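**Student:** The structure follows.
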Amino acid sequence: QKEVEQNSGPLSVPEGAIASLNCTYSDRGSQSFFWYRQYSGKSPELIMSIYSNGDKEDGRFTAQLNKASQYVSLLIRDSQPSDSATYLCAVNWGRDDKIIFGKGTRLHILP
Amino acid sequence: DVKVTQSSRYLVKRTGEKVFLECVQDMDHENMFWYRQDPGLGLRLIYFSYDVKMKEKGDIPEGYSVSREKKERFSLILESASTNQTSMYLCASSLDTQYFGPGTRLTVL
């Protein structure tokens, strides 16, 4: 059974601080990893993808991947109230771009 | 930019009705997906298609069928809607990465 696990939260972080979101996955063969942001009532929006071990930075966002530990994380620096959303971790499986989603972590940035 | 559109944002149907949800993408992607999202259950794959007229069942295909007659269009069909199919339905298309449409919130009364 392929699984992607996330803490459901809510994770409360003061404005301006670093938010750290974590995800573990069960399939050692996974090669592609994604973070999506979903505002309430809206569809998921891709934030970042990562394919290699290490860090990948894009603006205030940094994705971190450790395949040996089967662990992927998302750091959000200088958190803003507009970052308040549910963050979905997703991991590929099989072929044809299929991915499995975690159930998401609710992030609340405190003004 | 990838654009994925869905035919309706909100839809209300009655039990037993046949329901069509349409999804169109403009990026010539081969792969398209239908999910439903429910509180506490996350995103669950209903069906996906990897080419015109080609489809595979996802995790929860029961009560649903799909049609892909053209590359850009992927339709989800509820043959006889039931109240337990009340949900948010999300379509996605992909070339390496999945991009989502805005979603259809379906209520079955």
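**Student:** So, taking all protein chains as they sit and a 1.4 Å probe, how much accessible area belongs to A:Glu57, in Å² rounded to tens?
**Tutor:** Estimated to the nearest 10 Å², A:Glu57 gives 130 Å².
**Student:** Still on this structure, I have one more. Got a number for the accessible area of A:Lys2? Probe 1.4 Å, square angstrom, nearest 10.
**Tutor:** 90
**Student:** What are the principal axis extents of the Cα atoms in the protein assembly as shown, in Å, biggest first?
**Tutor:** 50, 36, 34
**Student:** Report B:Met54's accessible area, 1.4 Å probe, all protein chains in place, as a number in Å² to the nearest 10.
**Tutor:** Number for this one is 80 Å².
**Student:** Starting from the Cα of B:Thr15, move 7 Å in the Cα-to-Cβ direction to define the label point; list residues of the range B:68-97 whose amide nitrogen is under 18 Å from there.
**Tutor:** What the label zone holds, given the 18 Å backbone N cut-off, is B:78-87.
**Student:** Another question, if that's okay. If you rank A:Tyr36, A:Tyr71 by how much accessible surface each has, with a 1.4 Å probe, what is the order from largest down?
**Tutor:** Putting A:Tyr36, A:Tyr71 in descending order of accessible area: A:Tyr71, A:Tyr36.
**Student:** Only protein chains counted, 1.4 angstrom probe. Which residues of the range A:69-111 are at least 40 Å² less accessible in the assembly than when their chain is isolated?
**Tutor:** Residues meeting the cut-off: A:Arg95, A:Asp96, A:Asp97, A:Lys98, A:Phe101, A:Lys103.
**Student:** Ok, one more. Short version: which residues of the range A:20-44 lose at least 20 Å² of accessible area, all chains versus chain alone, 1.4 Å probe?
**Tutor:** A:Phe34, A:Tyr36, A:Gln38, A:Gly41, A:Lys42, A:Ser43, A:Pro44
**Student:** Pick out, in residue order, every one of the GluC sites (Glu not before Pro) in the range B:43-109 that is DSSP loop and has at most 10 other C-beta atoms within 10 Å; say none if there are none.
**Tutor:** Those satisfying the criteria are B:Glu62.
**Student:** Quote the total accessible area buried by chains B and A together, excluding ligands, DNA and RNA, probe 1.4 Å, nearest 100 Å².
**Tutor:** 1600
**Student:** Considering the dipole of chain A built from charges on the beta carbon (Lys and Arg +1, Asp and Glu -1) around the Cα centre, which of A:Pro10, A:Ile100, A:Gly54 is farthest to its positive end?
**Tutor:** A:Ile100
**Student:** Moving on. Express the Stokes-Einstein translational diffusion coefficient of the range A:50-111 in µm² s⁻¹, to the nearest whole number, given a Kirkwood radius over alpha-carbon pairs, 10 °C and a viscosity of 1.306 mPa s.
**Tutor:** In µm²/s, the coefficient rounds to 121.
**Student:** Compute the convex hull volume of the Cα atoms of the range A:18-66, divide it by the residue count, and report the result per residue in Å³ as a whole number.
**Tutor:** Each residue corresponds to 104 Å³ of Cα convex hull volume.
**Student:** Write down Rg/Rh for the range B:6-92, rounded to two decimals, with Rg from the C-alpha atoms and Rh from the Kirkwood relation over Cα pairs.
**Tutor:** In the range B:6-92, Rg relative to Rh is 0.94.
**Student:** May I pose another question? Over chain B, what is the relative contact order in whole percent, taking alpha-carbon pairs under 8 Å and six or more residues apart?
**Tutor:** The normalised contact order for chain B reaches 37 percent.
**Student:** Of B:Leu109, B:Leu90, which has the most accessible area with a 1.4 Å probe, and how do the rest follow in descending order?
**Tutor:** Largest accessible area first, the list is B:Leu109, B:Leu90.
**Student:** Can you give the charge dipole size of the protein assembly as shown about its Cα centre, rounded to the nearest 20 debye, using +1 on the beta carbon of Lys and Arg and -1 on the beta carbon of Asp and Glu?
**Tutor:** My answer is approximately 520 debye.
**Student:** Follow-up. Give me Rg over Rh for chain A, both radii from the alpha carbons and Rh done the Kirkwood way, two decimal places.
**Tutor:** Reported Rg/Rh, Kirkwood definition of Rh: 0.96.
**Student:** Take the alpha-carbon centre of the range B:69-102, take the same for the range A:1-43, and report the distance between them in whole Å.
**Tutor:** Each part's Cα centre sits 23 Å from the other's.
**Student:** Within the protein assembly as shown, what whole-number % of the accessible surface is contributed by carbon and sulfur, with the 1.4 Å probe and all protein chains included in the calculation?
**Tutor:** Using a 1.4 Å probe with all protein chains present, the protein assembly as shown comes out at 48 percent carbon and sulfur.
**Student:** At 1.4 Å probe size, put B:Arg9, A:Arg37 in order of accessible surface, largest to smallest.
**Tutor:** Result, largest first: B:Arg9, A:Arg37.
**Student:** Accessible area per residue for the protein assembly as shown in Å², computed with a 1.4 Å probe and the full protein assembly in place, what is it?
**Tutor:** Dividing the accessible area of the protein assembly as shown by its residue count gives 49 Å².
The values are calculated or read from the model by the stated rules, or taken from the named source; none is laboratory data. Predicted model only: the values in this text are computed from it and were never measured. Cβ coordinates were reconstructed from backbone atoms using ideal geometry, including for glycine residues, and neighbour counts include every protein chain displayed. We work out accessible area using only protein heavy atoms, side chains counted, and drop any ligands, DNA or RNA first. Shrake-Rupley method; radii C 1.70, N 1.55, O 1.52, S 1.80 Å.
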